[in-house]
Amino acid sequence: MPLDILTVPCLSDNYAYVVKGPDGVCLIDAPEAGPIIDALEEKGWNPGVLMLTHHHHDHVGGVAELREKYGLKVMGPKAEEAKLPPLDLALEEGTNGGEGEGYTVPLSVPGHTLGHMAFHFPNGGAVFTADSLMALGCGRVFEGTMEMMHNSLQKLAALPPETVVYSGHEYTSANARFALTVDPDNEALQARAKEVAEARAANQPTAQVKLSVELATNPFLRCADPSIRAHLGMEGAKDAEIFAELRRRKDAF
Ligand code: ZN
Ligand code: FE
């Protein structure tokens, strides 16, 4: 049975996800409770677990209300436990759980925050990345170093390419505009930017995408690409230096 995944728009541009596997229903992040409850009620699903990616308010604002309503187990990164709502289980790498397609592997992907985790479902072919790897972009580096964030993205880039990446915000249009400034000759990127514009015009979400597509189009995963390096005038730089320059440019974009 494949995972049944609901994408739930929350707040102005956040996404929560509802994941139904053979072992039950879990939620990934809780920006606000209302839209998540609506999505669950429409399906008649009862969540048992809520997994949090990081401590930022726009990912945890609905936790108390959801816990109260469903009595679910709240899990999140141990490294951010002091900044998170009370956890029933503090997660580290190796705290794997669930069964079958619902088997979940927490990955440490620091940079945006120091304890940020992504949740990989290797048997379900999905990874929930929130504000680490984002469609055509990545999160801002608030707490960690550029090198740390680069390493985190490389870790995600090494997952099986058919994995579907589910990220935390609908930022893809702006990310596409930036990506075209540093990788303008990339035909896969040009085509994707068009698709994203069409999808957004129809109010469809675009922050859920195959990793293979990201590898071909997301400049933050393409630090080794000769054309991007030439555009930056940094042919001889290390990959992490390219990443840092891309992130600095995006911050000022
Ligand atoms: Zn965040
Ligand atoms: Fe966020």
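The values are calculated or read from the model by the stated rules, or taken from the named source; none is laboratory data. Note that the structure is predicted; figures quoted are calculated from it, not measured. Cβ placement follows ideal geometry from the backbone for every residue including glycine, while neighbour counts extend to all protein chains displayed. Please note that ligands, DNA and RNA were not included when accessible areas were found on the heavy atoms of the full protein model with its side chains. Shrake-Rupley method; radii C 1.70, N 1.55, O 1.52, S 1.80 Å.
If Lys and Arg each add +1 and Asp and Glu each add -1, what is the summed charge of the other residues whose beta carbon sits under 10 Å from the beta carbon of His55? Net of charged neighbours comes to -2. Cross-link reach is defined here as a Cα-Cα straight distance under 27 Å, omitting same-chain residues fewer than 8 places apart; for Lys155 the lysines meeting it are Lys20, Lys78, Lys83, Lys210, Lys238, Lys250.
Leaving out ligands and nucleic acids, note down the accessible area per residue over the stretch 42-94 with a 1.4 angstrom probe, in whole Å². All intermediate terms of the calculation are to be shown ahead of the outcome.
Working: 2780 Å² over 53 residues.
About 52 Å² of surface per residue is accessible.
Note that the stretch 8-52 shows a convex hull volume over its alpha carbon atoms of 61 Å³ per residue.
In the elastic network of the chain, a GNM with C-alpha springs shorter than 10 Å, the most mobile of Gly61, Gly111, Gly94 is Gly94. For the chain, the longest principal axis of the Cα atoms and the long axis of helix 146-157 meet at an angle of about 70 degrees.
If you filter the stretch 100-196 for GluC sites (Glu not before Pro), then keep DSSP loop positions with at most 15 other Cβ within 10 Å, what is left? Present the calculation step by step, with values, prior to reporting the outcome.
Values: sites: Glu101, Glu143, Glu147, Glu162, Glu170, Glu187, Glu195; in loops: Glu143, Glu162, Glu170.
Here the sparse-neighbourhood loop sites are Glu162.
In the chain, the portion of solvent-accessible area held by carbon and sulfur atoms comes to 50 percent [1.4 Å probe, whole percent, DNA, RNA and ligands not counted]. Taking the Cα centre of the chain as origin and assigning +1 to Lys and Arg Cβ atoms and -1 to Asp and Glu Cβ atoms, the resulting dipole is close to 360 debye. If I build a Gaussian network model for the chain, linking alpha-carbon pairs within less than 10 angstrom, which residue out of Pro47, Pro31, Pro184 has the largest mean-square fluctuation? Fluctuation is largest for Pro184.
Using a probe of 1.4 angstrom and keeping all protein chains present, the accessible surface of the stretch 103-253 works out to 40 square angstrom per residue. Of the residues Ala118, Ala197, Ala16, the one that moves most in a GNM of the chain with alpha-carbon contacts below 10 Å is Ala197.
Using only Cα atoms, locate the centre of the stretch 112-168 and the centre of the stretch 194-218, then give the distance between them in Å, rounded to an integer. Cα centroid to Cα centroid, the span is 16 Å. At the listed q of 0.10, 0.11, 0.16 Å⁻¹, the Debye profile of the chain, built from one uniform point per Cα, gives log10 I(q)/I(0) equal to -0.46, -0.56, -1.16.
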